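What follows is calculated from the coordinates using simple rules that are stated; it is not laboratory data. Quick caveat, the model's predicted, so the values are computed rather than measured. For neighbour counting, all protein chains shown are included, and Cβ atoms are generated from backbone atoms with ideal geometry for every residue, glycine included.
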Amino acid sequence: MVNKRAEYVIEAPENYLGDVLNHLNELGAWFKDLEKRGGTSRLRFRAPEANMQGFQEWLKRARCTTNGTSFRFYRNLH
């Protein structure tokens, strides 16, 4: 069975970007580009679909420990 890669986007506060990058790297993500706007970073990446459920769970826990800091995560369909 092939583990297909899909493209995703995450928007996160710059001060949490290091944690996000480290975790995605552990999941086998390939980073495509990074845009910084104000205090927010927008990262496009490809990752194995099977690994992303774990990332969503990790992100939920990260939100709880950042006092409601805003993260956006979605699959890029373009």
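General observations
- Relative to the longest principal axis of the Cα atoms of the chain, helix 17-26 runs at roughly 20 degrees.
- Stretching the chain fully between N25 and A6 yields a gain of 5.4 nm (0.36 nm per residue, less the alpha carbon separation).
- Nearest 10 degrees, 0 to 90: helix 49-65 Cα axis against the chain principal axis: 10
- Counted by Cβ distance under 9 Å from A47, the other residues give a net charge of 0, where Lys and Arg count +1 and Asp and Glu count -1.
- Taking every alpha-carbon pair within the chain, the share separated by more than 15 Å comes to 53 percent.
- Which of Y16, Y74, Y8 has the fewest Cβ neighbours within 10 Å, and the rest in rising order: Y74, Y16, Y8
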